[in-house]
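Here the structure is laid out as structure tokens; the discussion comes afterwards.
The values are calculated or read from the model by the stated rules, or taken from the named source; none is laboratory data. From a predicted model like this one, the values you see are computed outputs, not experimental measurements. Cβ placement follows ideal geometry from the backbone for every residue including glycine, while neighbour counts extend to all protein chains displayed. Accessible surface is based on the protein model in full, side chains and every heavy atom, while ligands, DNA and RNA are left aside. Shrake-Rupley method; radii C 1.70, N 1.55, O 1.52, S 1.80 Å.
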Amino acid sequence: MSTLYDPITLGDIHLKNRAIMAPLTRGRAGESRIPNDVMAKYYGQRAGDAGLLIAEATAISEQGYGWPGAPAMYNEEHEQGWEKTTKAVHDAGGKIFLQLWHMGRVKDESTYQDDEKAVAPSAIAASKDIRRASGKAYPEPRALEAGELPGIIDDYVESAKRAMRAGFDGVEVHCANGYLLDQFLRDGSNQRTDEFGGSIENRIRFPLMVVEAVVKAVGAGKVGVRISPTNPFNDMHDSDPAALFGAYAKKLDALGLAYLHVMEPIKEDHPFSGGALHITPIIRKIYQGNLMVNGGYGLKSANAALEEHSAEAVAFGVPYLANPDLVARFKAGAELNTPDQATFYAGGAEGYTDYPFMGGKEEAA
Ligand SMILES: Cc1cc2nc3c(=O)[nH]c(=O)nc-3n(C[C@H](O)[C@H](O)[C@H](O)COP(=O)(O)O)c2cc1C
């Protein structure tokens with residue numbers, strides 16, 4: 001029976017344990033969008049502890065960028081900035097993937113250039129229950145022309161190639177949490193009448209084309225995909241998430257990816273919950289490859305999921321944000337640090353690299 005502490009191979013990547021750091025947007029790259037020294041330190045602090053770190057959502061293009069302070073990966077400087085992080089992680093014996101991000105309709109207006117509009121599958125604004133970096137309501141996005149989609153696929157591919165050049169062990173295609181690819185998947189945001197909208201098969205088409213292109217560019221064993229079938233964040237909803245994400249999981253399974261990452265909280269009162277664990281058990285039956293689960297897990301629930309073969313690995317978000325030595329604390333039965341919500345999305349080292357290790361130390365022993 002597997003536990004969180006057992007090693008695992010996900011695609012081409014051998015991990016020392018099954019505890020994964022979930023991707024966490026922290027807004028520390030500043031206006032330059034270039035990953036910096038404090039980011040390298042933050043990831044390096046967690047690298048000796050987790051089996052795999054999934055670096056925060058990172059813009060694949062100017063069009064896809066829309067979170068002030070988030071990092072990017074579409075030019076030389078971004079690539080060189082990220083090299084600091086991958087070096088720090090590898091020096092500490094860790095592995096790291098980069099999450100590839102296009103924000104679609106929820107690009108913050110403060111990042112618009114000139115008279116640009118955010119783009120989306122359909123001209124439907126995200127109007128409810130949203131976090132807005134600028135404090136403004138989202139305007140109606142511009143519906144993408146089908147002819148623009150190949151260019152966006154190229155941006156994903158170029159960004160994935162840059163990630164591999166910068167030393168990442170792989171990439172995670174972000175199809176979750178109400179960003180562009182999730183906007184194509186779910187019918188609350190996709191009302192297209194061409195071959196990219198309507199039926200489930202049509203709505204899956206563009207996200208799948210992106211994943212296939214990234215797989216072709218860097219190899220299936222270096223690619224993960226993240227989905228969040230029931231997460232209502234960014235005003236997302238779908239008429240039949242079980243059928244939609246079941247069908248998508250089946251297509252993804254055929255690609256032989258490193259993993260499929262399902263964010264669906266185990267608790268109904270979790271901020272990203274749309275009803276606890278409705279879809280994950282369905283996906284488990286369909287998806288034969290490595291499944292990673294996330295959302296409200298602790299040591300006990302993570303081990304239960306692994307023992308029951310509900311998943312092969314478990315990702316922790318807020319617990320890793322606040323505990324650079326999470327696995328060591330689990331092993332020792334130690335208390336966890338309290339997360340500071342005020343510093344989640346912005347700031348400098350405070351609430352970022354200053355969470356203490358066990359025993360109050362500033363660095364790993
Ligand atoms: C501060 C913060 C930033 C996040 N940024 C991202 C992100 O960049 N990409 C992503 O897919 N999910 C993101 N999420 C969601 C987390 O990866 C994770 O799914 C969520 O926190 C639930 O897991 P947990 O209960 O272990 O914290 C973020 C969550 C938080 C709290």
- How far, in nm, would the chain grow between ALA123 and GLU308 when pulled straight, counting 0.36 nm per residue and subtracting the alpha carbon separation? 62.3 nm
- Item | Highest average packing first - 117-126, 219-228, 190-199, 46-55, Cβ atoms within 10 Å | 46-55, 219-228, 117-126, 190-199
- Message: Let's see if you can work this out: charge +1 on each Lys and Arg Cβ, -1 on each Asp and Glu Cβ, no other charges. What is the dipole magnitude of the chain about its Cα centre, in debye to the nearest 20?
- Response: 660 debye
- Net charge dipole size for segment 280-365 [Lys, Arg +1 and Asp, Glu -1 on Cβ; Debye, nearest 20]: 400 debye
- Task: Write down the Å³ per residue value for the convex hull defined by the alpha carbon atoms of segment 53-186.
- Result: 112 Å³
- Item | Estimated FRET transfer efficiency when R0 is 35 angstrom, pair GLU335-GLU268 (beta carbons, to 0.05) | 0.85
- Using alpha carbon positions and the Kirkwood radius, the Rg to Rh ratio of segment 1-110 is 1.02
- Query: For ALA92 and GLU140 in the same chain, what is the full-extension length gain: residue separation times 0.36 nm, less their Cα-Cα distance, in nm?
  - Reply: 12.8 nm
- Task: Would you be so kind as to identify which of PRO121, ALA143, MET1 lies farthest towards the positive end of the dipole of segment 1-149, taking Lys and Arg as +1 and Asp and Glu as -1 on Cβ and the Cα centre as origin?
- Result: MET1
- Message: Taking every pair of distinct Cα atoms and averaging 1/r, then inverting, what Kirkwood hydrodynamic radius in Å comes out for segment 130-266?
- Response: 15.6 Å
- Can you list the aspartates and glutamates whose alpha carbon is less than 18 Å from that of LYS87, not counting same-chain residues fewer than 8 positions off? ASP37, ASP49, GLU56, GLU76, GLU77, GLU79, ASP169, GLU363
- Query: Taking only C-alpha pairs under 8 Å that are 6+ residues apart, what is the relative contact order of the chain in percent?
  - Reply: 18 percent
- Item | Counting DSSP beta bridges with both ends in the chain, the antiparallel % (nearest 5) | 10 percent
- Message: Using the Cα atoms of segment 229-269, I'd like the radius of gyration and the largest Cα-Cα distance, Dmax, both in angstrom.
- Response: 11.9, 34
- Item | Spin-label model distance (nm) - MET164 vs ALA276, 7 Å beyond Cα toward Cβ | 4.1 nm
- Rg to Rh, two decimals, where segment 214-310 supplies the alpha carbon set and Rh follows Kirkwood: 0.97
- Quote the charge dipole size of segment 58-140 about the Cα centre in Debye, to the nearest 20; the model charges only the Cβ of Lys and Arg (+1) and of Asp and Glu (-1). 480 debye
- Relative contact order (percent, whole number), segment 245-348, Cα cutoff 8 Å, 6+ residue spacing: 21 percent
- Accessible area of HIS309 in the full protein assembly, 1.4 Å probe (Å², nearest 10): 120 Å²
- Query: Top mean-square fluctuation among GLY151, GLY170, GLY317, Gaussian network model of the chain, C-alpha springs under 10 Å?
  - Reply: GLY151
- Compute from the Cα atoms of the chain the Rg and the Dmax, the latter being the longest Cα-Cα distance, and quote both in angstrom. 18.9, 59
